[in-house]
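Below is one structure; the comments refer to it alone.
The values are calculated or read from the model by the stated rules, or taken from the named source; none is laboratory data. What you are looking at is a predicted structure, and each value in this text was computed from that prediction instead of being measured. Methodologically, a virtual Cβ is constructed for each residue, glycine included, from the backbone with ideal geometry; neighbour enumeration extends over all protein chains shown. Surface accessibility is based on the protein's heavy atoms, side chains included, excluding ligands, DNA and RNA. Shrake-Rupley method; radii C 1.70, N 1.55, O 1.52, S 1.80 Å.
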Amino acid sequence: EKQGRNISPFYLELTKIGAKSRAFISGVRSVEEFSSERIVLKLYKGALKISGTGLLLSVYENRSVEICGEIFSLEIL
């Protein structure tokens, strides 16, 4: 029998259509920072910084987020 906490794994799916991108991320604990140019997500281990323009947080539920906009970079912190 496994003991310990049930920690959600980190999962990232990135799709791009023209200049626009869509990122689906699961395993998110919280949104630490949000602007149209930068979003920082707190993960169970570390954080993820997303940089771009016109960034929108379109879905935030069940430890998952969906971000749309022109994504330039993703950086694990």
Query raised in the report: FRET efficiency for SER51 and GLU13, Cβ-Cβ distance as r, R0 = 22 Å, nearest 0.05?
Result: 0.75
Report task. Could you pull out the trypsin sites (Lys or Arg not before Pro) across segment 18-77 that fall in loop regions by DSSP (anything but H, G, I, E, B) with no more than 15 other Cβ atoms inside 10 Å? Result -> LYS45, ARG63
Query raised in the report: Using the Cβ atoms and a cut-off under 15 Å, what net charge is assigned to the surroundings of ALA47, where Lys and Arg are +1 and Asp and Glu are -1?
Result: +3
Report task. With a probe of 1.4 Å, find how much accessible area segment 4-67 has per residue, and write the answer as a whole number in Å². Result -> 64 Å²
Query - Distant-in-sequence amide H partners of LEU43 (H built 1.01 Å from N, under 5 Å) - result: ARG29, LEU48
Report summary line: Karplus ³J(HN,Hα) for segment 64-69 (6.51 cos²θ - 1.76 cosθ + 1.60, θ = phi - 60°; Hz, whole; x = Gly/Pro) runs 10, 10, 10, 10, 10, x
Requested in this report: Using a 1.4 Å probe over the heavy atoms of the protein chains, calculate the carbon and sulfur portion of the accessible area of the chain as a whole percent.
Outcome: 50 percent
Query raised in the report: Hey, got the Cα dimensions of the chain along the principal axes, in Å, largest first?
Result: 48, 22, 20
